[in-house]
Amino acid sequence: MATEIDELIEQLKTTSVSPDSTTTLLCEISATKDPKLFDKHELAECFLQLTQSEDTNVRKEAAKCIAEITKSEVQRKKFTKRDIIAAFLECLRRVPTPDGSMELPIQICRALGNICYLNDEARDLILELKGDAVLLQLLDIADIVDAANAPQFIKVRGGLLSNYLLGGEGLAKRAMELGIMQKLQRIIARGAANVEQHEDLLLNTLPLLSILTENVADLNFEAELNIQLSRILAASTNPDLAEMCLELLHYQAESDEVKLLLAKDGLCETIYNLLEKYKTLASTSEARALMKLACELIVLILTGDESMHFLYTTPLLKNMVDWLDSSDIDLLTTGVLALGNFARTDSHCIYFVEQQTMNKLLEVLAKNNGVKDDVRLQHALLSALRNLVIPKPNKNAVIQAGLVETILPMLEIHQPPVVFKLLGTLRMTVDGQEKLALELLKNKTLIEQLVHWSKSSDYAGVTGESLRLMAWLIKHAYLNKIAYALPRKGDAPAEQIADKIPLTQDYDRSSLTQFLSNEGTVEAMVSMLTAQHLVMQNEALIALCILAVVYLSQQNEAVVAQAQRLQDDLIKCEVGKRLAELISKSSDSMTKEIVENLQNCVNLLKTSDKLVAHLEQHNINELLKSIPILTEYCTL
């Protein structure tokens, strides 16, 4: 075959033949299936002459040959000549031709498109020759007389422009200056008017929008264009076209303004109806990927506040609740994610509990709370339930419905995103729930796991939530019981604090005692003093205040042994060193509340002689005096 190619090329270069013979030779060359067979030949000059022939058929076949030959990277570089590209651009400048034929323009588009493929040198030549304006003029050709070749022209026009614009940000921005968006919008408006008739037109035009989106930062489409994409999605039965529309709308819907626009245009309901119609056909990986893309767009639109509030008043809310009964994992997960986004206001959350939507979510979680169940679904369920449990009126109802019993088995799951949501959900649930907090403090499995995660997780969120949940359990189980003992503004001096705590005050300490019997719990609370976030530092101070009141400030024989262990643990964990570090690093940013809790904590620890000596070793009294907010009070 290589020998035959050599002979054809030799004939073409050396023989002066008639146009008909030349055309025959060119047809034979372009029919070659392996373009790499031409790599050793220097063909650019020869073909340049042929593209300037007076015979239209010769020019057409020459362009066709170049299109085939330049499928090879070697020949792409050899044909990257200023004269060749200029000749092609000059020809395209005269499209449509007087006779309306699109055969020659089609082959030139193919040839120039292949030369531009992954070839910045060729793209730069087009730009130097101001050929980008010529290429964009092709988008203005709407009514093509040569109906037989119209589909092919539309295809190669799109391919040429795509290969050119893929050259990067500079070319894309230049195209924007030349009005490419207006041209594309006109084409898309025409296509949207009759999607079935103009399917090929849209399939070869929308990729240009995608390329511009990728290369022009913060490219915002006009509202009308977004609406047209939404309408095309609703009308099309072509999965490739649907995918293009979804991807473009995904990008645009990052804007809250566009989220609301699409919500009001009914896009979410459109997607819901399409998914209901085609869900049984999503058997291939490609179809499933498209289905997920559509589901994700519904959820994305719901992340906007205004769009969420609007859609709350539409049938979409019921549709998403209905998907909680779906056997399709993607539809089920989307329903849960959607409801989690709806549950961003107290009124919506209360409504979901009243309407038993919360119970349906718990039923789904009960069936999917194992180690082998879908992580994305678990994460979505916990996110939604966490939101539902935040309003105080909901807490008892959610607890009574079995939330805690349902999620505790999930402690065996060690996927960080799920663990993070699990701990956050539990923390929100115990807020103000003394009875539940007391029960959970006794849960050895839970506490041991929290201590483990607080030390070993590579995921900062899990470490933080583990520590915070322990601190919240202590606070909500015992704060009301010992609030009398915490000094407040105007109270007696700190050194008198032990004397002012009533000896008759008593309560059940068994939950806290069981909590402290787990190794590492005191260390966890002490380590939390130097957490990165002020809120965690404050929560640690409150937890330590409670521990000190319950065990160190009592003259009760029943707690003497535990008090001794607590003192030893606090010293072993170097509570003085942690407090000194807290003051040194965070004193400038401390709020009044944190400073008061810090003073309370230090004063309560001082009720133990052992701890007094320990704190003095770390110069805590002097460090307290250096806190700016206290210095300001003294100055005033």
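Modelled label positions at Val145 and Asp458, each set 7 Å beyond Cα in the direction of Cβ, lie 6.8 nm from each other. Round to a whole angstrom and tell me the spacing of the C-alpha centers of the stretch 558-636 and the stretch 168-220. Each part's Cα centre sits 65 Å from the other's. Of the trypsin sites (Lys or Arg not before Pro) found in the stretch 8-42, those that fall in a DSSP loop while having at most 15 other beta-carbon atoms within 10 Å are Lys33, Lys40. Charge tally for Gly168 (other residues, Cβ to Cβ under 12 Å; Lys, Arg +1; Asp, Glu -1): -1. Calculated mean residue ellipticity at 222 nm for the chain: -21000 deg cm²/dmol, from DSSP H runs with n ≥ 4 weighted as -39500 (n - 2.57), summed, divided by the residue count and rounded to 500. In this Cβ point-charge picture (+1 for Lys and Arg, -1 for Asp and Glu), the chain has a dipole of about 1480 debye about its Cα centre. With Cα atoms defining each centre, the stretch 49-106 and the stretch 507-528 are spaced 82 Å apart in the structure.
Checking the Cα-Cα distances for Lys60/Lys173; Lys585/Lys610; Lys318/Lys392; Lys444/Lys592; Lys395/Lys585; Lys442/Lys577 against a 28 Å cut-off, the pairs over it are Lys60/Lys173; Lys444/Lys592; Lys395/Lys585; Lys442/Lys577. Put simply, when 273-282, 541-550 are sorted by average Cβ atoms within 10 angstrom per residue, most first, you get 541-550, 273-282. Note on Val371 and Asn359: their simple-model spin labels are 3.3 nm apart, each label 7 Å out from Cα toward Cβ.
How much net charge surrounds Glu269 when only other residues with a Cβ under 15 Å from its Cβ are counted (Lys, Arg +1; Asp, Glu -1)? Spell out each step's value before the answer.
Working: positive: Arg231, Lys259, Lys264, Lys277, Lys318; negative: Asp265, Glu276, Asp322.
After counting each charged neighbour, the total is +2.
Please compute the per residue accessible area over the chain with all protein chains in place, 1.4 Å probe, rounded to a whole number of Å². Walk me through the numbers on the way to the answer.
On the way: 29030 Å² over 636 residues.
Result: 46 Å² per residue.
Rounded to the nearest 0.05, what FRET efficiency do His414 and Lys36 have when you use their Cβ-Cβ distance and R0 = 51 Å? After rounding, the FRET efficiency stands at 0.45. Relative to the dominant Cα principal axis of the chain, helix 82-93 is inclined by about 90°.
Which of Lys421/Lys455; Lys64/Lys183; Lys155/Lys183; Lys81/Lys130 have a Cα-Cα distance over 20 Å? The partial results should precede the final answer.
Numbers: Lys421/Lys455 18 Å; Lys64/Lys183 28 Å; Lys155/Lys183 16 Å; Lys81/Lys130 15 Å.
Beyond 20 Å between Cα atoms: Lys64/Lys183.
The modelled label-to-label distance between Ser255 and Glu224, using points 7 Å beyond Cα along the C-beta direction, is 1.5 nm.
The values are calculated or read from the model by the stated rules, or taken from the named source; none is laboratory data. The structure displayed is predicted, hence computed values, not measured ones. Every residue, glycine among them, receives a Cβ derived from its backbone with ideal geometry; neighbour counts consider all protein chains shown. In case anyone asks, the SASA skips ligands and DNA or RNA and just uses the protein heavy atoms, side chains included. Shrake-Rupley method; radii C 1.70, N 1.55, O 1.52, S 1.80 Å.
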